[in-house]
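**Student:** What follows is a structure written as structure tokens; I'll ask about it next.
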Amino acid sequence: MGVGMKEQLKTPAEKRLRRSRNSLLEQQRALASLTRSEIFSAEDALEAIRLLTRTTARELEIERISVWRFSEDRLAIKCMDLYERSQQRHSSGMILRREDFPNYFEGLETEEAIVADDARHHAFTAQFTDVYLHPFGITSMLDVPIHVFGRVEGALCCEHTGEPLNWTAEERFFAIAVANLAALVIEQCERRRAEALVRSQRDMLELIANGAPLEHTLTALARTIEQQDDKILCSVLILDEDGVHLRHGAAPSIPDSYIRQIDGLAIGPSVGSCGTAAFHRQTVIVSDIRTDPRWAAYRDIAEEYGLRACWSTPIFDARQNVLGTFAVYFREPQWPSEKHLRLVESAIHTAAIAIERSRVEDRIQRLAFYDPLTGLPNRALLMDRAAQALALSARDNKETSLLFLDLDRFKMVNDSLGHHVGDGLLRSIAGRLRSCLRESDTVSRLGGDEFVVLLPETGSEEAAQTAERILGVVAQPYLIEDYRLSTTPSIGISVYPRDGSDVEALVKHADTAMYQAKEKGRNTYQFFTEDMNFAVLERLTIESGLRQALDHGAFVLEFQPQYDIATHRLVGLEALIRWQHPEWGRVPPSRFIPIAEDSGLIVLIGEWVIHEACRQNVYRQSLGFEKVPVAVNIASPQFIQRFEDVVERVLSETGMEPQYLELELTEGIVMQGESSIQKRLHKLKDMGVKLAIDDFGTGYSSLSYLKRFPIDRLKIDQSFVRDIIDDQDDLAITRAVISLGHSLRLLVIAEGVETEQQLAFLREVGCDQAQGFYFSPPLSIKALGDWFFQNSKAS
Ligand SMILES: Nc1nc2c(ncn2[C@@H]2O[C@H](COP(=O)(O)O[C@H]3[C@@H](O)[C@H](n4cnc5c(=O)[nH]c(N)nc54)O[C@@H]3COP(=O)(O)O)[C@@H](O)[C@H]2O)c(=O)[nH]1
């Protein structure tokens, strides 16, 4: 009998045993070559594991070799790779659950190796019989736990099909050695991942430090975390500055269409994982989106994209304000492991640095280029955008317009109602301006009540239409802190290239045109013309002249008598300022009062007038002349917060009895913020001074205020008196004012009476008093003294 015959007589197990012993040397060689092979240099752990399973199957001549890993919760093991020798095929993905095979899991965690020669009857593997052994024809199993960093993290499984066999010590030794190699591969891979994490975190800090765009940094962060576990899909949402809405930050692996659907969601007690986490300021773990009530409203969207679990952690800044959320999604129900929690912890730390840094940059940007009060672009940004617009206009041979806008009498709102009301008004105006312009236009605030609107690619005609639109929009009433306010703008327009070739020239010329709009009576717009430069120069000269006039006592007063129409008796005097300029001669008040009002000099000039009028009146009274009140004009900007104190002080300094001082207020003053003005007028009235409304009938104000305000006299504007004879409307208005005044028990005086006829009409319609050239022009102090002297002699 030859050797061949002998071989045939041996059982397969005996044959394997002998071959196995014979190949011990080969196995050792195989192990040595594996140790030197690419398994430790392979980028991908799976590649190395596949090499191990293939080699093991070949060396042990076993049909199925697989490597399995515990799930994060250790309740299952999942097949990383299964090699089937006869098919030369790799596969993966099978899962075995602890609850189905508790004995096997116990064996893995307690034994050095599960050596099941007959797997169907082995204590640790018998539970596999029906569901695993039979279907795959497995008869013997040799399973070795894989220890990763000292803990059982998986198993190397050698599964024999066909007749059961007795595993030899050499085979056990070989399997244990391969399992150790698998452990080294996994450890190395974990180490690499940890190092990659540290490296990416360092890279991200570098990105942040180098000012990379926030989305760029957050995307890099999300990718880094995703690389740590291929089941994870990351998403970073950023909480809007309104503290309510979550906006997309980064989510490189989640479909855009899903991101779009959740972008801008308002946070709340049950708004998925992220909305809820931001709302409650704590981590929200939703291990199964399908069943968690917090996802009820968003479940369908998540399902559509195959998202099953989502854990979200709020990102806080140093002051514990919520900046956003960092979420990890899974395509299967999932509870977090310690490793996941560590990953998220490190991610939110980096995300917080990135978001905070970006917010600081935004803030710096905003401070540098935006007006903090209104949020509009400031001068720097305007100049920048205007320069770009001009460059484009030059290239395309087009026009660009610039509107310079200044609010009429804004200072009065600030001074009389306080800066907070003024600020509120400016904010509202900014909003209205923005709303009535195109996206491509820029509305900026230069400071105070000055706004500049840049209209790229816009010529004169369209600029005029825009100015008209702005006039209409700004003139609508405002409700600021319970004050009903109204204001109007004056607008100057310059057009590139006609009015200037650079931004500075255009702004300057639009500013000049704006002053002309003010001169034209405010609440209007003007295009720049070359002549305006002269007007500006004149204006500036007058302004500096006014300052000198105050210092050098160049102002004097004239007084115009006021008479009772029925008795022709003197009932009062109106003080009117005169400016005697050393070179220009007499400058009319109509020329310098508006400039004094705009520059604020009217406050000092006005105080001088009240003081001088009182001083003169007291002096005349001290000479024994008839005691009559003196009326003083009060301009809007004069009616500042402490105006009552000024009056009180002047009365006490001059010794004037208050009932001999009358303040002529404009309708504009009494209409600004009714309730506070009412209080202040009552304070003045309580002091004993008289109050009159000047130029009555020219404003647009509601007449109801007359009832509430302690007014003594209405002064019908001279424009009605001028045409009272020929113009039925003027007569009707005069009649109506007199009747209204009388019904409120007020005296009515008509100004600008020049003729006997006018006086006769006024007498007929029941006007009480009159003033005008018919009686007397304004008189110098000397002329008035002479008049008093004559009349006292006459009487
Ligand atoms: N805030 C202050 N405003 C003042 C002061 N002094 C004057 N003014 C205002 O300047 C405007 C022009 O004033 P003035 O040139 O002095 O003209 C006054 C009168 O001279 C003129 N007047 C008087 N009678 C007649 C007349 O019969 N016909 C005619 N054509 N003009 C006449 O009217 C002006 C008085 O106006 P009013 O104040 O409305 O009573 C003028 O708006 C002044 O208010 C000042 O100190 N502070």
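Just so you know, all these numbers are worked out from the coordinates, no wet-lab data involved. Note that this is a predicted model, so its numbers are computed, not measured. Neighbour counts are summed over all protein chains in view; Cβ atoms, including those assigned to glycine, are modelled from backbone coordinates with ideal geometry.
**Student:** Looking at this model, which pairs from 78/231; 231/339; 78/339; 520/715 are more than 22 angstrom apart at the alpha-carbon?
**Tutor:** Numbers: 78/231 13 Å; 231/339 13 Å; 78/339 18 Å; 520/715 24 Å.
Violating the 22 Å limit, Cα to Cα: 520/715.
**Student:** Suppose a student asked you for the relative contact order of region 374-529, using Cα pairs under 8 Å spaced at least 6 residues apart; what percent would you report?
**Tutor:** Across region 374-529, relative contact order equals 29 percent.
**Student:** May I pose another question? What whole-number distance in Å separates the alpha-carbon centres of region 494-540 and region 734-757?
**Tutor:** When both Cα centres are located, 41 Å separates them.
**Student:** Cβ under 10 Å from residue 430's Cβ, residue 430 left aside: what net charge do those residues give with Lys, Arg +1 and Asp, Glu -1?
**Tutor:** Local net charge: +3.
**Student:** What trypsin sites (Lys or Arg not before Pro) in region 313-356 are in a loop by DSSP, with at most 15 other Cβ atoms within 10 Å of the Cβ?
**Tutor:** 319, 331
**Student:** Evaluate the charge dipole of region 374-529 about its Cα centre and quote only its size in Debye, nearest 20, assuming +1 on the Cβ of each Lys and Arg and -1 on the Cβ of each Asp and Glu.
**Tutor:** I would put it at about 160 debye.
**Student:** Which of 335, 584 has the fewest other C-beta atoms within 10 Å, and how do the rest follow up to the most? If you can, show how the numbers build up before the last one.
**Tutor:** Working: 335 15, 584 12.
Ranked by crowding around the Cβ, least crowded first: 584, 335.
**Student:** Of the options 274, 116, 603, report the single residue whose Cα projects farthest towards the positive end of the charge dipole of the chain (beta-carbon charges: Lys, Arg +1; Asp, Glu -1).
**Tutor:** Projecting each Cα onto the dipole axis, the largest value belongs to 116.
**Student:** So what's the gap between the Cα centers of region 318-379 and region 48-108, to the nearest angstrom?
**Tutor:** 42 Å
**Student:** Please list, by residue number, every one of the GluC sites (Glu not before Pro) in region 573-606 that is coil in DSSP and has at most 16 other beta-carbon atoms within 10 Å.
**Tutor:** Those that pass, being in a loop and sparsely packed, are 583.
**Student:** Something else: Using +1 at the Cβ of each Lys and Arg and -1 at the Cβ of each Asp and Glu in the chain, identify which of 330, 351, 706 lies farthest towards the dipole's positive end.
**Tutor:** Positive-most Cα among the choices belongs to 330.
**Student:** Continuing with the same structure: Of all trypsin sites (Lys or Arg not before Pro) in region 387-476, which ones are in loop regions per DSSP and have a Cβ with at most 14 other Cβ atoms within 10 Å?
**Tutor:** 438
**Student:** Roughly how many Å is it from the Cα centre of region 140-163 to that of region 198-264, as a whole number?
**Tutor:** For region 140-163 versus region 198-264, the Cα centre distance is 39 Å.
**Student:** Provide the percentage of antiparallel DSSP beta bridges, counting only those with both residues in region 439-559; round to the nearest 5.
**Tutor:** 75 percent
**Student:** Please state the relative contact order of the chain as a whole percent: Cα pairs under 8 Å, 6+ residues apart?
**Tutor:** In percent, rounded to a whole number, it is 6.
**Student:** Here's something else I'd like to know. Let me spell out the model: positive unit charges on the Cβ of Lys and Arg, negative unit charges on the Cβ of Asp and Glu, origin at the Cα centre of the chain. What dipole size does that give, in debye rounded to 20?
**Tutor:** 1620 debye
**Student:** Something else: Dipole magnitude of region 216-368 about its Cα centre, charges +1 at Lys/Arg Cβ and -1 at Asp/Glu Cβ only, in debye to the nearest 20?
**Tutor:** Around 220 debye, computed over region 216-368.
**Student:** Which residue, chosen from 480, 436, 514, occupies the Cα position most advanced towards the positive end of the dipole of region 374-529, where the dipole is computed from +1 (Lys, Arg) and -1 (Asp, Glu) charges on Cβ about the Cα centre?
**Tutor:** After comparing all options, I get 480.
**Student:** Could you state, as a whole-number percent, how many of the C-alpha pairs of the chain are farther apart than 46 Å?
**Tutor:** 54 percent
**Student:** Which percent, nearest 5, of DSSP beta bridges in the chain are antiparallel?
**Tutor:** So the antiparallel bridges amount to about 80 percent of the total.
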